[in-house]
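The values are calculated or read from the model by the stated rules, or taken from the named source; none is laboratory data. The shown structure was predicted, so the numbers you read here are calculated from the model rather than taken from an experiment. No Cβ is skipped: glycine too gets one built from the backbone with ideal geometry, and neighbour counts run over all protein chains shown.
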């Protein structure tokens with residue numbers, strides 16, 4: 001697979017993940033306003049596999065970041081490394097949680113997703129407004145360098161932000177399913 005094809009492939013996965021996050025969040029919000037049926041159905045169908053899906057998201061995100069740095073030759077910046085530090089262990093932790101059927105892992109994973117998701121959001125902002133850089137990045141591999149943009153907005157930090165968000169949402173579904181059987 002060439003670099004361009006990989007960028008398109010991972011961008012399409014990102015779009016699918018955004019759609020899933022919006023749909024799941026919409027169903028959850030509907031339940032909060034008295035329309036519980038969509039959330040109940042979604043939780044019943046998605047809940048049993050939510051931990052495995054969260055692991056798959058972490059695994060694909062890890063594989064994608066390794067592809068873009070090791071195969072495509074995109075040098076990771078400082079903020080990319082912080083995002084990797086958050087994502088790579090999730091591929092292992094979520095596998096163990098899925099094997100053990102332990103939705104309680106969310107308590108440990110949500111803070112990682114929140115912190116590294118915030119780093120991803122800052123990185124996305126830096127790509128759009130380089131003046132926001134407070135000196136966290138090096139001149140050798142600047143955090144403002146955009147290796148590619150697909151569909152007008154999908155970049156590597158956008159992919160990371162969406163992956164952390166999707167993992168957090170899937171863990172919410174897993175916990176809700178476990179609580180409501």
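Among the residues in region 110-119, are any over 19 Å from residue 167 (Cα atoms) and either crowded, with 21+ Cβ neighbours inside 10 Å or free of Cβ contacts under 8 Å to residues at least 60 places away in the same chain (or both)? Give the derivation first.
Just the residues of region 110-119 that are over 19 Å from residue 167 (Cα atoms), to begin with: none.
No, region 110-119 contains no residue that is over 19 Å from residue 167 (Cα atoms) and either crowded, with 21+ Cβ neighbours inside 10 Å or free of Cβ contacts under 8 Å to residues at least 60 places away in the same chain (or both).
Sort out which residues of region 144-164 are surrounded by fewer than 21 Cβ atoms within 10 Å (Cβ to Cβ), in contact with a helix residue (DSSP H, G or I) (Cβ under 8 Å, 6 or more places away or on another chain) and in contact (Cβ under 8 Å) with a residue 40 or more places away in the chain, and write them in order of number.
147, 148, 150, 151
For (1) touching a helix residue (DSSP H, G or I) at 6+ places or on another chain (Cβ under 9 Å); (2) surrounded by fewer than 18 Cβ atoms within 10 Å (Cβ to Cβ), each residue gets a yes or a no:
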site	(1), (2)
16	no, yes
27	yes, no
34	no, yes
48	yes, yes
53	yes, no
57	yes, no
69	yes, yes
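Let's see how each residue does on (1) at pLDDT 95 or above; (2) not in a helix (DSSP H, G or I):
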site	(1), (2)
1	no, yes
7	yes, no
11	yes, no
14	yes, no
17	yes, no
21	yes, no
30	no, no
39	no, no
42	no, no
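Among 69, 65, 49, which is out of contact with any strand residue (DSSP E or B) (no Cβ under 9 Å at 6 or more places or on another chain), part of a helix (DSSP H, G or I) and farther than 18 Å from residue 160 by Cβ? Spell out how you get there, then give the answer.
Values: 69 fails: farther than 18 Å from residue 160 by Cβ; 65 fails: farther than 18 Å from residue 160 by Cβ.
After ruling out the rest, the residue left standing is 49.
Criterion first (over 15 Å from the mean Cα position of the chain (by Cα) and farther than 30 Å from residue 137 by Cα) does residue 52 satisfy it? Don't jump to the end; show me each part of the working.
Working: over 15 Å from the mean Cα position of the chain (by Cα): no; farther than 30 Å from residue 137 by Cα: yes.
For residue 52, the condition - over 15 Å from the mean Cα position of the chain (by Cα) and farther than 30 Å from residue 137 by Cα - is not met.
State yes or no: is residue 133 surrounded by fewer than 13 Cβ atoms within 10 Å (Cβ to Cβ) and either touching a residue at least 40 places away in the same chain (Cβ under 8 Å) or over 19 Å from the mean Cα position of the chain (by Cα) (or both)? Walk me through it before giving the result.
On the way: surrounded by fewer than 13 Cβ atoms within 10 Å (Cβ to Cβ): no; either touching a residue at least 40 places away in the same chain (Cβ under 8 Å) or over 19 Å from the mean Cα position of the chain (by Cα) (or both): yes.
No, not satisfied.
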